[in-house]
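Data first, discussion second: the structure below is written as structure tokens.
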Amino acid sequence: MKKIGILTSGGDAPGMNAAVRSVTRAAIESGHEVYGIYYGYKGLIDENIEKFDRFTVSEKLNRGGTFLRSARFPEFKNEEVRIEAVKILKKYGIEYLVVIGGDGSFMGAKKLNDLGVKCIGIPGTIDNDLNYTDFTLGFDTALNTIVEAIDKLRDTSASHQRCNIVEVMGRNCGDLSIHAAISVGAKHLITPETGFDKDDFLNELIERNKEGIKYSIVVITENIVDVTLLAKEIEEKTKIETRATILGHVQRGGAPTASDRMLGMRFGVRTVELINANIGGRCVGIDGDEIIDMDITDALEFSNRSKTDLIRIFEMTK
Ligand code: ADP
Ligand code: F6P
């Protein structure tokens, strides 16, 4: 019997609840004890810890967000704080820690692992910015939310023959934007991977307008440009009426898609299989349709996935 702690950290993502359910049920089934740690690494330091039974995770699978709550806790970057966390885990007899989150959370898990706590990472972030895995939990749900929103924007954009700029989350990763732009048939795509040349962009808008394309959807990743100012500049320089929409946190909410539920359930079972085999210091992921696991340090250093093919598909079909 092993004692397993589990927490969700960083931005919440639909599907996190599925992963928590999966780890909890599979671990109890394997004869282990599970301790839910609320509010991520902050809750660990605050000892916001509860022993779970199989019913604790009932009726959570279909819910968005994370019932374990989440937090950003920059203090965890300090080694003294992590040493305190190790003491707390020892006090509870928790030998394994399952961390569900993005690259920041994985960095915390890697450092805890270096201090002797056997950590396993489950990728949970809408950004899809962990390169070692094809998909992270939450990406599919967020993408579907974005597609639904842009389909609605298209109605009004077409009715008024306007340019509509849509800012999408992703931090420094263009995956949500690229997949969304292809899925909605956007006319323009601006991401960290495509780069942004404002003059080229404005010229393309003007040219397309002359060709008879009177309304257009522009999908842009956050943190590249102020979209409200960009909309004003487009109006001034091209005379095309333009509006900007920042989709914001609505992208993180909602019931997880079946695909995200499946991913969470599959990640959770592989996590428990690793624990059953006394293995820590790893993270789980998906490669094609195969669930994989990898050393957490190697995963964090994994080289960037090429987006060229998808960007080409966008360019050839826009
Ligand atoms: P995500 O996990 O989604 O990338 P963050 O980057 O906000 O989200 O990281 C979540 C949490 O992980 C941080 O608030 C902090 O507690 C922890 N963390 C992030 N970076 C580090 C680091 N370099 N060392 C230790 N802990 C970290
Ligand atoms: O990492 C998930 C994410 O939603 C990013 O896409 C976004 O940049 C960030 O979190 C927003 O963070 P917060 O919820 O702290 O505003």
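What do you reckon, is ILE88 of a type outside the set (D, E, K, R) and touching an Asp or Glu at 6+ places or on another chain (Cβ under 8 Å)? Even if it seems obvious, please write down each step before you answer.
On the way: of a type outside the set (D, E, K, R): yes; touching an Asp or Glu at 6+ places or on another chain (Cβ under 8 Å): yes.
In short, yes.
Criterion first (farther than 16 Å from MET16 by Cα and either modelled with pLDDT of 95 or more or within 16 Å of ligand 2 (Cβ to nearest atom) (or both)) does ILE122 satisfy it? Let's see the steps before the verdict.
Values: farther than 16 Å from MET16 by Cα: no; either modelled with pLDDT of 95 or more or within 16 Å of ligand 2 (Cβ to nearest atom) (or both): yes.
No.
Show the residue pairs meeting these rules: Cβ distance below 8 Å; 6+ apart or different chains; first residue within the stretch 92-104 and in the same structural domain as ILE49 (by TED's automatic domain parsing); second residue in a loop (DSSP other than H, G, I, E, B) and away from ligand 2 (no atom under 16 Å from the Cβ).
ILE94/VAL117; GLU95/LYS2; GLU95/VAL117; TYR96/LYS2; TYR96/VAL117; TYR96/GLY280; LEU97/VAL117
Sort through ARG63, ARG54, ARG69, ARG82 and tell me the only one that's basic (Lys, Arg) and within 8 Å of ligand 1 (Cβ to nearest atom).
Working: ARG63 fails: within 8 Å of ligand 1 (Cβ to nearest atom); ARG54 fails: within 8 Å of ligand 1 (Cβ to nearest atom); ARG69 fails: within 8 Å of ligand 1 (Cβ to nearest atom).
Only one candidate passes the filter, namely ARG82.
Anything in the stretch 187-220 that is under 30 Å from ASP127 (Cα atoms) and either part of a loop (DSSP other than H, G, I, E, B) or outside the structural domain of ILE246 (by TED's automatic domain parsing) (or both)? List them, or say none.
The answer is LYS187, THR191, PRO192, GLU193, THR194, GLY195, PHE196, ASP197, TYR215.
Here are GLY11, GLY5, GLY31: which of them is in contact with a strand residue (DSSP E or B) (Cβ under 6 Å, 6 or more places away or on another chain) and touching a residue at least 24 places away in the same chain (Cβ under 8 Å)? Before you say what the answer is, go through the steps one by one.
Details: GLY11 fails: in contact with a strand residue (DSSP E or B) (Cβ under 6 Å, 6 or more places away or on another chain); GLY31 fails: in contact with a strand residue (DSSP E or B) (Cβ under 6 Å, 6 or more places away or on another chain).
Just a single option satisfies the conditions, and that option is GLY5.
Which residues, taken from the stretch 34-76, are touching a residue at least 12 places away in the same chain (Cβ under 8 Å) and assigned to a helix (DSSP H, G or I)?
Passing the criteria: GLY40, TYR41, LYS42, GLY43, LEU44, ILE45, ARG54, THR56, VAL57, GLU75, PHE76.
The values are calculated or read from the model by the stated rules, or taken from the named source; none is laboratory data. Since we're looking at a predicted model, the values are computed, not measured. Note: ideal-geometry Cβ built from the backbone for every residue, glycine included; neighbour counts use all protein chains shown.
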